[in-house]
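Quick note: the coordinates plus some simple rules give every number you see, no bench work behind them. Small disclaimer: the values here were computed from a predicted structure and weren't measured. Quick reminder, even Gly has a Cβ in these numbers, built from the backbone with ideal geometry, and neighbours come from all protein chains shown.
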Amino acid sequence: MLGHNGAGKTSTISILTGLIEPSSFDKLEVFGLSIISQEHRQFLGVCPQHDILFELLTPTEHLEIFYKFKSGRGDMDREISEMIRDVGLDDKSNTLAG
């Protein structure tokens, strides 16, 4: 999203990700799903501009937390192993982030 300061970019992302509730709207949908139902969140991912790594966690532990936040279904260990391999962190998967 692009726009000048104060255009509402951060507020829009915060509403779409469920961090804040909209004060009013007529109809707001993502992929045909109302944001009120929160079902659209399974299709969203946000990469903030600041570092959100926890120094005392490993890449594997970070992914476990976010997998659970996103209500991941399936074989968590297999999916996390694939993610670690996909980004080339095999040798760092159990190394502290800090």
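Between residue 76 and residue 50, what is the label-to-label distance in nm when each label sits 7 Å out along the Cα-to-Cβ direction?
2.7
If you add up the charges near residue 78, with Lys and Arg at +1 and Asp and Glu at -1, over every other residue whose beta carbon is less than 14 angstrom from its beta carbon, what do you get? All intermediate terms of the calculation are to be shown ahead of the outcome.
On the way: positive: 73, 85; negative: 64, 75, 77, 79, 82, 86.
Result for the neighbourhood of residue 78: -4.
Label-point separation (nm) for residue 31 and residue 68, each offset 7 Å from Cα along Cα-to-Cβ?
It works out to 2.4 nm between the two label points.
Suppose only helical runs count, i.e. DSSP H with n ≥ 4. What mean residue ellipticity at 222 nm does that imply for the chain under -39500 (n - 2.57) per run, divided by all residues and rounded to the nearest 500 deg cm²/dmol?
-9000 deg cm²/dmol
Taking amide H positions as placed 1.01 Å from N in the peptide plane, with prolines and chain starts having none, which residues 5 or more places from residue 30, or on another chain, fall under 5 Å of its amide H?
The list, which skips near neighbours in sequence, is 35.
How many angstrom separate the Cα center of region 69-96 from the Cα center of region 31-46?
Region 69-96 and region 31-46 have Cα centres separated by 23 Å.
Report, to the nearest 10°, how far helix 76-86 tilts away from the longest principal axis of the Cα atoms in the chain, using its own Cα long axis and a range of 0 to 90°.
80
For the chain, with the dipole built from +1 on Lys and Arg beta-carbon atoms and -1 on Asp and Glu ones, taken about the Cα centre, which of 58, 31, 97 lies farthest toward the positive end?
Of 58, 31, 97, it is 31.
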